[in-house]
Amino acid sequence: MEKELLKIGATALRKAALNNKAKDYILSDVVLYKTIKKAAERYIGGETLNETIQKVKDQNKNGFKCSMEFMGENTLTEKEANKATNEFLRIVREIKKQKLHSTVSLDLSHIGLAISKELCLNNLESILKESQNHNTEVIISAEGVERTDDIIDTYKSFSKKYDNVSITLQAYLHRTKDDFKDLIQERGRIRMVKGAFETPKHLSIPRGMELDNAYLNYIDQLLSKNHKCSIATHHNEIQQEVTKLIRKYRTNKNIYEFESLYGIQTEQLLQLKKQGFPTKLYFVYGKEWYLYLCNRIAEYPMYLFRALNDIVL
């Protein structure tokens, strides 16, 4: 009964994450925004880049590599997309200026994909040029299934020109089996996640043993082929199985990294770091935290009680 309730809660939260009316209402109501933001603060770097940079500096000192992302998706105007692009360019420059051990992550729909592919490509080109000049890696995030084709096509096009662009693949999608065979031929890092977006049932594998095995199989292939990868999961059992694969293949530390989202089970990442494995903390910042908060709690629905506690304190 408990597992069923948690599953229902997770599904509801993922649906809530896609409710733009709810998001707009919360972001426009000052009291509601400040109240729910208390729950979001546990998982975000802050509202500004400067706030996030301070946290990145602290975690760099603790021995963690980091990644920074300016939150947002589905921009509806060219002005918004260009503004987001300028913010990503600012991140790249600050990484260089302040000598941060960090990469940059972004959603293509944040820089124009939801408006036009041409606008997105031009903006991404600007970011990749700047980041290549500063030797900074840029990771393209996964989005809803309706954008997967455009995201993969864009990545394949740019990976032929830039050696600092990487892509995120979602293990739960049935199509990933074919996408993976294609993308492992590219030189960029593949960041493997389980997948957090709500999809029609026939398109994805539900959470459970089948998905866990699929995820491990992808990581096994990446490590066995010495292909750059990020193991982006908080699942402790999977992390431990991956350490066995790393030892089996005697994988060079420059090839892989264990990645966790800031505020989610970072004690496990700390233990991996203490064992000598490369580790990375993923920071997001900005005011568009509604979707991010819903998806984080959906992954661990019991965290809803923690969120309630954060709000009332």
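I need the full set of residues from the range 194-204 which are without any contact (Cβ under 8 Å) to a residue 60 or more places away in the chain and either in contact with an Asp or Glu (Cβ under 9 Å, 6 or more places away or on another chain) or surrounded by 19 or more Cβ atoms within 10 Å (Cβ to Cβ) (or both), in order please.
Hits for the range 194-204 are 194, 195, 204.
If I ask for residues that are crowded, with 18+ Cβ neighbours inside 10 Å and free of Cβ contacts under 8 Å to residues at least 60 places away in the same chain, which ones from the range 215-230 would you list?
Passing the criteria: 215, 216, 218, 219, 222, 223, 227, 229.
Quickly run through the range 139-161 and pick out the residues that are under 24 Å from residue 102 (Cα atoms) and surrounded by 17 or more Cβ atoms within 10 Å (Cβ to Cβ).
Result: 139, 140, 141, 142, 143, 151, 152, 154, 155, 158, 159.
With (1) without any contact (Cβ under 8 Å) to a residue 40 or more places away in the chain; (2) over 16 Å from residue 62 (Cα atoms) as the list, and residue 266 as the residue in question, which single condition is left unmet?
(2)
Listed residues 166, 159, 126; which is farther than 25 Å from residue 208 by Cβ and within 18 Å of the chain's Cα centre (by Cα)?
Going through 166, 159, 126 in turn, the sole match is 166.
Working only within the range 84-104, note down all residues that are surrounded by 23 or more Cβ atoms within 10 Å (Cβ to Cβ) and either of a type in the set (S, T, N, Q) or not assigned by TED's automatic domain parsing to the domain that holds residue 127 (or both).
Those that are surrounded by 23 or more Cβ atoms within 10 Å (Cβ to Cβ) and either of a type in the set (S, T, N, Q) or not assigned by TED's automatic domain parsing to the domain that holds residue 127 (or both): 85, 102, 103.
Say we look at the range 162-174 and pick out the residues that are in contact with a Ser or Thr (Cβ under 7 Å, 6 or more places away or on another chain) and in a loop (DSSP other than H, G, I, E, B); which of these is surrounded by the fewest Cβ atoms within 10 Å (Cβ to Cβ)?
Among those residues, the one meeting the criterion is 174.
Please verify whether the range 294-302 includes one or more residues that are crowded, with 18+ Cβ neighbours inside 10 Å, modelled with pLDDT of 95 or more and either of a type in the set (D, E, K, R) or more than 30 Å from residue 74 (Cα to Cα) (or both).
No, every residue in the range 294-302 fails to be crowded, with 18+ Cβ neighbours inside 10 Å, modelled with pLDDT of 95 or more and either of a type in the set (D, E, K, R) or more than 30 Å from residue 74 (Cα to Cα) (or both).
What residue, of 207, 191, 175, 247, is modelled with pLDDT of 95 or more and within 19 Å of the chain's Cα centre (by Cα)?
191
Considering each of 119, 89, 113, 106 in turn, give the residue that is in contact with a strand residue (DSSP E or B) (Cβ under 9 Å, 6 or more places away or on another chain) and modelled with pLDDT of 95 or more. First the steps, then the outcome.
Values: 119 fails: in contact with a strand residue (DSSP E or B) (Cβ under 9 Å, 6 or more places away or on another chain); 89 fails: in contact with a strand residue (DSSP E or B) (Cβ under 9 Å, 6 or more places away or on another chain); 113 fails: in contact with a strand residue (DSSP E or B) (Cβ under 9 Å, 6 or more places away or on another chain).
Exactly one residue qualifies, and that residue is 106.
The values are calculated or read from the model by the stated rules, or taken from the named source; none is laboratory data. If you're wondering where the values come from, they're calculated on a predicted model, not measured in any experiment. Ideal geometry is used to build each Cβ from the backbone, glycine not excepted, and the neighbour counts take in all protein chains shown.
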